[in-house]
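**Q** Got a structure here, written out as structure tokens. Questions coming.
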Amino acid sequence: MRSVSLALLVAVTGCSLLNPPPPLRPALPANGCQPASVVKYNQAGIAHYKERRLEAAKAEFLMAVSEGPKCAEVHYNLGNTLWYLGEREEARTHLLQAADLAPGNAVIWDSPVLRPYGEPQKEKKKKDAAAEQAPGAFGNRGRLGGY
């Protein structure tokens, strides 16, 4: 009986050692965000996130985003949490919003979870340039397709 429980213990712990959960990206503090409730919800979300209680973290980060929609850090934290939960489209929305709100924040911009979505500033420039060079648009008469 003892050898069976020992074998079961080795099998259970061995499986978790062979397939450990992916490491979580660090969550960001939202110290400069207003109102103060944003910071409170963000801190609670970070505590859940560190314990891998991602659904609870998501709920706290959602509250933080609703209280402080201009706070890049809470969008980033929510985006990371959603990414790990497999909610990739919603994660994309919040990660891009975080990048737009904090253009100089290296942690957000260099994050591996943001990379698959490209660089939001470059995407905006491409769209603007395409609109300016549309064939037949005013001022483009010498270009192919113009008047």
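Computed from the coordinates by the stated procedures, all read-outs in this text should not be read as laboratory data. Predicted, not measured: the structure shown is a model, and the values here were computed from it. Counting neighbours? That spans all protein chains shown, and the Cβs are built from the backbone with ideal geometry, glycine included.
**Q** About its Cα centre, what dipole magnitude does region 21-64 give when the only charges are +1 on Lys and Arg Cβ and -1 on Asp and Glu Cβ, stated in debye to the nearest 20?
**A** Dipole magnitude for region 21-64 comes out near 80 debye.
**Q** What's the local net charge at Pro116, with K and R +1, D and E -1, over the other residues with C-beta under 11 Å away?
**A** +3
**Q** Work out, step by step, the length gained on full extension between Ala47 and Ala106: first 0.36 nm times the residue separation, then minus their alpha carbon distance; give nm to one decimal.
**A** Contour length minus the Cα-Cα distance gives 19.0 nm.
**Q** Normalised by the number of residues in region 25-81, what is the relative contact order in percent for Cα pairs under 8 Å and 6+ residues apart?
**A** About 40 percent, as a whole number.
**Q** Along region 102-109, what does the Karplus equation 6.51 cos²θ - 1.76 cosθ + 1.60 (θ = phi - 60°) give for ³J(HN,Hα), rounded to whole Hz, x for Gly and Pro?
**A** Result, rounded to whole Hz: 9, x, x, 7, 5, 5, 5, 5.
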